[in-house]
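Notes to accompany the following structure.
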Amino acid sequence: MESKGSLNMNILILGSGAREHAIAWAVKQNPKCSRLLVAPGNAGIADIAEISKTNIENCDEVVDLAKREKIDFVIIGPEAPLAAGVSDALKNNGFLVFGPTQAAANLEVSKSFMKEICTSANIPTAKYANFNDLVSAKKYIAEQGAPIVIKADGLAAGKGVTVAMDLPTAYQALEDIFSSGSKNLETKVVIEEFMEGEEASFFVLCNGQKLLPIGTAQDHKRVGDGDTGPNTGGMGAYSPAPILTEKIEDSVIEEIIKPTLHEMERRGAPYQGVLYAGLMIKDEKARLVEYNARFGDPECQPLMMRLGAQVLDLLIATSNGDLDECHISWADDHALCVVMASIGYPGKIKKGSIIKGVRNLSSSSSQMCFHAGTTKEANNLVANSGRVLSFTARGKTLAEAQSVAYEMAKSIDWKEGFYRTDIGWRALL
Ligand code: AMP
Ligand code: GLY
């Protein structure tokens, strides 16, 4: 596709996860990218881009970096810089940026704001109530009964939500939130009706009221096989999501995405960037679980693998407001990603173990090992956080993609790491 991005662009990506590695990998293949800089990056990203150790949540530092390096386009990967207003700071300094303003990113940052938008725009979602004191919150839960969902307001790195199947668990979640001494937010907790169904993620590029769907995915949030154990940031994902049929997609656009964009604009906070709608689907009807103001991780890895170099044109068009002039070319295929994490994740992990075998993996447009928490020490690849590697593969069928991703995972020699063995099971049933 064509876009107004010029040739020879200096591009800066903010982030250090496998999501940002996948975005960097796709962007690098586009001939418009002449120089690629990533801050703060990781060991895998360092193989394909220049690295800057900038603090990406500090607006001044990021603006200085963009000025110093004569950056033409900035892509913001994670939510923390969005919440810190980095997109606003860059835009105010005249930079072309992919990523919503702080006010628009509130759709992810504040659960109560997101629910308020749903109410104003009549968007199908779980019934809810907000509380800022423990006694009224407990009383409400006692009236509603279990199962029930408790959400701390504000960013919590995937740890702010408790799906309580019984009342003691619900009360405990409330106690934890109210005793955590978190910031003095107006709303401390959002309590929601428990929604049944199958979850899927829908990604839409947006600029004001213009929009372009950029794919569907499903992730596996639980740490253990069979979707058991505690929630994580995501242990694997695949795209497309078979449950999101064209008919459901159309209704999500009409009933959820368009009213949201309209309402955000009406409130003076037009949305620009990727809007990630977490959906619950039951009886062919979708309801909104949550919004994120960025690509999902690991969902982004299969998406980037399926989209390739055109991603840069699409992200530039989103930022320029040229979305109505673009279309996406999709190969009729599937991609799947298996996450390898440090043993103990999502709890306590030990850093510093050596990972062997990554260098021997082949890299191509149909299989890539994207890095998250990796560094290099004395020429060894070393693990330094919870999620460490994302084995991502494409195939004509999902089964084929799954088989290649697992072949990659099995060839790694890293005793301190683990992965789930059933990524994609639901779609392959
Ligand atoms: P959130 O951070 O809001 O996406 O919540 C994290 C996860 O909790 C979601 O992906 C769902 O699996 C689950 N969840 C959140 N809200 C609900 C709800 N109202 N009903 C059922 N499950 C939910
Ligand atoms: N995989 C879920 C997320 O990125 O929020």
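The values are calculated or read from the model by the stated rules, or taken from the named source; none is laboratory data. Worth saying up front: this structure is predicted, and the values here are computed from it rather than measured. Reconstructed Cβ throughout: ideal geometry from the backbone, glycine too, with neighbour counts over all protein chains shown. Each accessible area value is taken on the protein alone, full model and side chains, heavy atoms only, with ligands, DNA and RNA left out. Shrake-Rupley method; radii C 1.70, N 1.55, O 1.52, S 1.80 Å.
Overview of values
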{"item": "Set of aspartates and glutamates near Lys348 by C-alpha distance (under 16 Å), chain-local residues within fewer than 8 positions excluded", "result": "Glu416"}
{"item": "Kirkwood hydrodynamic radius (C-alpha pairs) into Stokes-Einstein, the range 233-300, 20 °C and 1.002 mPa s, D in µm²/s", "result": "162 µm²/s"}
{"item": "Nearby lysines by direct alpha-carbon distance to Lys210 (threshold 18 angstrom, same-chain neighbours under 8 apart not counted)", "result": "Lys4, Lys258"}
{"item": "The range 40-134: C-alpha gyration tensor shape, a/c 1.5 cut-off, then a/b vs b/c", "result": "prolate"}
{"item": "Unit Cα scatterers, Debye sum, the range 313-429: log10 I(q)/I(0) for q = 0.14, 0.15, 0.17 Å⁻¹", "result": "-0.69, -0.76, -0.87"}
{"item": "Accessible area expressed per residue, the range 11-54, with surrounding protein chains retained (probe 1.4 Å, Å²)", "result": "29 Å²"}
{"item": "Separation of alpha-carbon centers, the range 234-289 and the range 303-337, rounded to whole Å", "result": "17 Å"}
{"item": "Full-extension gain in nm, Lys376 to Glu407, via 0.36 nm per residue minus C-alpha separation", "result": "8.8 nm"}
{"item": "Anchor Lys396: lysines whose Cα lies under 30 Å away (excluding residues fewer than 8 positions away in-chain)", "result": "Lys28, Lys32, Lys221, Lys247, Lys282, Lys285, Lys356, Lys410"}
{"item": "For the range 364-429, average projected area of the Cα convex hull in nm²", "result": "5.2 nm²"}
{"item": "HN-Hα J in Hz across the range 409-419 - Karplus 6.51, -1.76, 1.60, θ = phi - 60°, x for Gly and Pro", "result": "4, 5, 7, 8, 9, 8, 5, 8, x, 8, 8"}
{"item": "Count of Lys pairs (Cα-Cα under 24 Å; at least 8 positions apart or interchain) in the range 69-151", "result": "14"}
{"item": "Mean residue ellipticity (222 nm) of the chain, computed from DSSP H runs ≥ 4 via -39,500 (n - 2.57), nearest 500", "result": "-8500 deg cm²/dmol"}
{"item": "Packing-based ranking, highest mean first, of 37-43, 323-329, 276-282, 423-429 given that Cβ atoms within 10 Å are counted", "result": "37-43, 276-282, 423-429, 323-329"}
{"item": "Inverse mean reciprocal Cα-Cα distance (Kirkwood Rh) of the chain, Å", "result": "21.9 Å"}
{"item": "Of all accessible heavy-atom area on the chain, the percent that carbon and sulfur account for (1.4 Å)", "result": "48 percent"}
{"item": "Whole-number percent relative contact order across the range 74-149, with pairs defined as alpha carbons under 8 Å at least 6 apart", "result": "20 percent"}
{"item": "Amide H contacts under 5 Å for Ala309, placed H, 5+ residues apart", "result": "none"}
{"item": "Whole-number D in µm² s⁻¹ for the range 243-384, Kirkwood Cα-pair radius fed into Stokes-Einstein, 10 °C, 1.306 mPa s", "result": "86 µm²/s"}
{"item": "Per residue accessible area in Å² of the range 351-429, where ligands, DNA and RNA are left out and the probe is 1.4 Å", "result": "50 Å²"}
{"item": "Simple spin-label estimate for Glu196 and Val135 in nanometres, 7 Å along Cα-Cβ", "result": "3.6 nm"}
{"item": "The chain, relative contact order in percent, only Cα pairs under 8 angstrom and at least six apart counted", "result": "18 percent"}
{"item": "Length added when fully stretched, Arg266-Lys28, from 0.36 nm per residue minus Cα-Cα", "result": "82.0 nm"}
